[in-house]
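What follows is a single structure, written as structure tokens, with notes after it.
The values are calculated or read from the model by the stated rules, or taken from the named source; none is laboratory data. None of these values were measured; they are calculated from a predicted model. Reconstructed Cβ throughout: ideal geometry from the backbone, glycine too, with neighbour counts over all protein chains shown.
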Amino acid sequence: MRCRQLAVLAAMLCGGIAGGAVAAEQRFATRLTAVAYDGATRANVQGDGQVLATLDGNKLTVSGRFMALPSSATSARLYSGAGIGVPGGPILDLQLDGQADGALSGSFTLNSKQLTALRQGRVYVQLNSQKAPEGNLWGWLLPEHPFPGVDVPEKGQGFLPQLDVPGNWVEK
């Protein structure tokens, strides 16, 4: 009887460990839209795209697509700013494939500072192009969520998580 109890306990622990490994994976997503622009730069910062990212421990895997840029893409990077919508400096380079339409990808081992920034919603993807070398499209990596179609308004407040509330993605 004691052996059977130990076997059941071992199975429960193994299941908890395996379940914990699956639960540890976090998914992030963003829609790439035009960076902030003025009348002079509006024609150069057009296009659309989506990016998905998976965080498994401290390994981040990023993949996405972009389309309809007014000029060829030249680079794609992950940046870290002070918060959602606040530009910052580049932290990691993404692989780029395509010109006006294409794909971006990358796999990285994040350090503790980068990991904290990602979990606090401060990491974003920026795609640069020939006519917009300082930014064509961008989007902040936030917990995965549904996206409305292009030019489809969202009801209510849309999706913007409270990342500054304890328990909502902020690690103390």
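Results, tabulated for the structure shown:
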| item | result |
| --- | --- |
| Top-ranked residue in the range 74-89 [being of a type in the set (V, I, T) and outside any loop (DSSP other than H, G, I, E, B); ranked as nearest to the chain's Cα centre (by Cα)] | V86 |
| Close pairs from the range 126-139: first surrounded by 20 or more Cβ atoms within 10 Å (Cβ to Cβ), partner modelled with pLDDT of 95 or more and charged (D, E, K, R), Cβ under 7 Å, at least 6 apart | Q126/R77 |
| Any hit, the range 100-110, residues being part of a loop (DSSP other than H, G, I, E, B), over 16 Å from the mean Cα position of the chain (by Cα) and at pLDDT 95 or above | yes |
| Qualifying residue in the range 20-38 (condition: at pLDDT below 95, of a type in the set (V, I, T) and under 20 Å from P133 (Cα atoms)) | yes |
| The range 140-151 residues that are closer than 11 Å to R31 by Cβ and among the β-branched types (V, I, T), paired with ones that are in a loop (DSSP other than H, G, I, E, B) and at pLDDT below 75 (beta carbon under 6 Å, 6 or more apart) | none |
| Every pair of residues 6+ apart whose Cβ atoms lie under 6 Å, when the first sits in the range 59-81 and is surrounded by fewer than 23 Cβ atoms within 10 Å (Cβ to Cβ) while the second is of a type in the set (K, R) | P70/K131; S71/K131; S80/R122; G81/R122 |
